[in-house]
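Below: one structure, written as C-alpha cells.
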Amino acid sequence: MVMDGSLISPGLYIVASERNHIMKNKRNYKMDVLFILLLCLSIPSATSSHPLQSHEKIEERKPNSRSVRDLKGGPDSVIWVVQLSDLHFSVFHPNRALDFKRLVGPALAMINPSLVLITGDLTDGKSKDMLTMKQDEEEWIVYHEVMENVVESSGLDKNIFYDLRGNHDNFGVPALGGSFDFFSKYSINGQLGRSGSVHSVTVQVCVRCNIQSGGRKHLFVGFDSTMPAGLRGPTNLFGHPTDQILADIDSELSQWNSESTNPVTKISFGHFPLSFSAASHSGKSLKDVFLKHSLSAYLCGHLHTRFGNNLKRHHQLIHNLLSSEKYCQLNIHQTPLERTVHNKNCSNGIPPVEEFWEWEMGDWRKSRAMRVLAIDGGHVSFVDIDYKLGAKKTIILPTFPLDSRFMLSTSSLHEYSCRSTDPSSYETVRALVFTDSPIVSVVARIYDSRSGNLDMVMEASMRKHEENFTRGDFYRVPWNFRAFEDPSPDRFWLQIEGTDIMGRSSFSELRPFSNNGLSANLNWKWKEFLVMGCQWAALYYPILWCILLFLFSILLVPKALLTCSKKQYTYKNFSSKKGFLSGITWVLTELCRISPIWFGMLGYLFYLIFFPWFSGKVFTAGGDRGYMTYRGWVVNISKERGKQKYIGLPDVMVVVLPHLCFMVLPTILVTGALAAEKAAYRFCFLSLSGKKEDDYDWGSNRSLKIDYSDNRRKKLFRGGRWVRKLLMVVCLAICWKHLKNCRAMIKAYEMNPFLHFPGYSLPIPLLLAFAVYKTMGV
C-alpha cells in the first residue's frame, strides 16, 4: 500500500489505523463525558429551591357591599353609566394621569352618569424597561390624587364611583389587606369601605315614585377575581374566581328575583374577559353564573385595543355534550343566527333564554377610551369614545332602535314576536345627547343599503323630552317601525346628527338596526379570535401535552426506526427519493446517531416535566422564594404551615408554552439539521474523492489536507459548507432569543441564572454549542 509516496505494508497500515481510531474514540469520549457533566450541573435539585413562605397574614373574608340608588329627575325610562378601564398610571408615563385629570372630569360633568365603573389596572406596576412587575406606592398616590380631583371637577357624588382591582394592581401583593395591598388604601372602593370581593348597586329612577316609575330596576354587580396571593408578572395574567366569589355573585344577582312583577336589567362588570378567567376549584365558571341569570351584558377590560376594536362576544347556553365551546368559539355569535329565527314559542311558562353579551372596552393607557352605556326600557346600548385627539364637545348615543350587531339575539326576537315588552317602546327613535353647549337641532336619518349604496329613506327632527328636572337631554321622534321590518338585519342603518348653537355638527356612529329582533353577523379578525374566542384556561393542558407528545415523538420515533427497522435512513436514500417526510426522518435519524445530544434532549424534556424550572421572588418584597413548574408556582400557605400549594395556573403558560415551542423545538430541529449536514457533506466528499469510508482517518487533522486539483472537489469546498454556516446563524438567533428570555426572567423574579434557574438558562446554549462541536469535522 502506498501513502504519501512511501511504501507501507498492509499489516503496519492496519495497526496505524486502529491506533488512530482508538485515539479518536478517546477524544470523543472525553468530550461527551464533559458535555454530560455540564448538562447535569445545569439541572438543580428540586429540594434546593425553598418554597415561599408568606409573612403576610392572609385577610379573612369580608362582607360584600350592597346598595340602592334612587335617581331624581327624568327621563324616567333611561339610565346611563360610564365605564373606564386599564388606566395604567405610571411614574414613567405621567401623561396618562395628566390626560385623565384634564379630560375625564369635564367629560363626566357633561355626561352626568348614574354610575362610574373603573374596571381594573388602575396603576401600571412596571419598571421603565417593562420587565420588573411589582407595586409602586408612588403610582397609587398619583391615582388617589387624580381621582379626588376628577370627583371634585365633575361635581358627582363620590359614592357612584366603583373601581376594581386588575392584575397590574395585584402584582406582587402577598395577601389582601397586607402592607403592599395599596388598592385597599388608595382606591375609591377601599376608602368607602367596600372591602369584599363582590359589590352590587341597584339603580332605579324615581320621577313619580310609587306610581309608575321606578318599576324597572337596573342591577350592577362588580367583582374582583384577581389572585388572592398576587404573583409578579408575567405569570399573573388570568382571573381566578373562587367558589366563594361565584356564590357571592350568584347571591347578588338574585337579590330582586322575589319581585317577579318588577323587571330587572342585570349588568355585571369585572376586569378579566371570560377567555382569560380560570374555572374555580369545583370546575364552575363565571359564564355558568351569568347564563343562569341571563345578564344583559358583562363589561370588562384587560385586553386593550391592540388586539382589535371588535372584542365582543355573545354567549348562549348550548345543551350539546359534544360542543367545542368549552375550548373555543369560532364567531362572535355563539349560535348560528338561523337557529334563533324560528324560536317563537310565546307560552307564559317558557323559561327565559340563557344568554348574555360580553363587551370588552378599550384602554385609557394608549387609546384614551371611555364608554357610555345606556339602558332604555331594558334595551342596552353603548358608544365608545376616543379622547386621543382631545375633549369632545358633543356625544350622541342612540338608545333605540338597537344596533343589530350587539342585540341579545334570541331575547330580542322573542320580545318582538311575542310583544312581551311595552309596544310603545317601539314607536319612537330615541337618543341621548350630551353636550357642553346648547343644542339647536337633532335630526335622525335612516338609510337603506339594499341597492349597495346608502340611500336615505327617512329624515326627521327629534324633539327633546321635557321635564321639570332632567338628568340629561333625551330626544325622540315617532316613526312607523313596521315599515322597517326586513329579513335582513343590516339592511337599514341609523345615524343621528346634532347641531349646537355655534353651528358645529356632531354625528353618531352609523349603525345597522333591526327592530324585529334579528341579529346582524359580525366576525372576528384572527387576533380578536385568539384573545376573545379561545378559552385559554381550558386549552392550556391540552396544548401543553400535545406539544410534549410531539417533542417526545420526534426524538423517540426516529430512534426506534434506527434501532428496529431494516430500512436505512441516510442521505443517499433521501437524495434518491426526496420528500418532506423522508427528509425530516433522515434529519432526526442523524440526530439519534449523536448519542450525547440525543440523550441530552430527552433528559431535558424529562427535567421540564418533573423538576422546577426556576426559583424566584414572586412578591414585591421579602427574601423567600417560590419555584415554578409547568403546574404553577409552588408556595407555602402561612395559615397552613408546611402545606404547599400551586398558584398561577394557567398563568405560567406565558412562560411554558413559548419556551417549548420557540426554544426547545427549534433546538431539536437545528441540531438534527447540523448532524444531517455533516452526514451529507461526508457522503458528497467520499463520492467525489472516489474513496471509501475506511480510507480516511476522520479524527486526524491531516485528513483535512485535500487535493483541489479535481474541479468537482474545488466546487465542493469553494462553498465552505454554506448550509452549516446558515445553521450556525440560526443557532445564534436561538441563543439570542433565549438570552432575552433569560434576561426577562432575571429582571422579573430577581434571579441569578447560575443559582436560581440553570435548568432553564443553560441546557439550550449547551446543547447547541455541543452540536456545533460534534458536527465540526468532515
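Throughout, read-outs are computed from the coordinates displayed, never taken from laboratory work. Computed from a prediction, not measured in an experiment: that's the story for all the values here. All Cβ positions, glycine included, derive from the backbone under ideal geometry; neighbour counts span all protein chains shown.
Within the range 467-508, the chymotrypsin sites (Phe, Trp or Tyr not before Pro) that combine a DSSP coil assignment with at most 11 other C-beta atoms in a 10 angstrom radius are Phe469.
Once the Kirkwood radius over Cα pairs is known for the range 583-629, the Stokes-Einstein relation at 25 °C and 0.890 mPa s delivers a diffusion coefficient of 184 µm²/s. The convex hull drawn around the Cα atoms of the range 726-765, when projected onto a plane and averaged over every direction, covers 2.5 nm².
Once Rh for the range 477-518 is found with the Kirkwood sum over Cα pairs, what is the Stokes-Einstein diffusion coefficient at 4 °C and 1.567 mPa s, in µm²/s?
108
Computed from the alpha carbon atoms alone, the convex hull of the range 179-270 holds 123 Å³ per residue. Of the trypsin sites (Lys or Arg not before Pro) found in the range 100-156, those in coil by DSSP whose Cβ has at most 12 other Cβ atoms within 10 Å are Lys128.
In the range 65-533, one over the average inverse separation of all distinct C-alpha pairs is 22.9 Å, which is the Kirkwood hydrodynamic radius.
Extension gain for Lys566 to Trp545 (0.36 nm times residue separation, less C-alpha to C-alpha distance): 4.4 nm. Among the listed pairs Lys266/Lys527; Lys645/Lys747; Lys134/Lys158; Lys617/Lys645; Lys287/Lys326; Lys126/Lys388, those with a Cα-Cα distance over 19 Å are Lys266/Lys527; Lys645/Lys747; Lys134/Lys158; Lys126/Lys388. A dipole drawn for the range 457-555 from +1 and -1 charges on Cβ atoms has a positive end, and of Pro512, Pro489, Cys534 the residue lying farthest that way is Cys534.
Could you please report the charge total around Leu117, scoring K, R as +1 and D, E as -1 over all other residues with beta-carbon less than 11 angstrom from its beta-carbon?
It works out to a net charge of 0.
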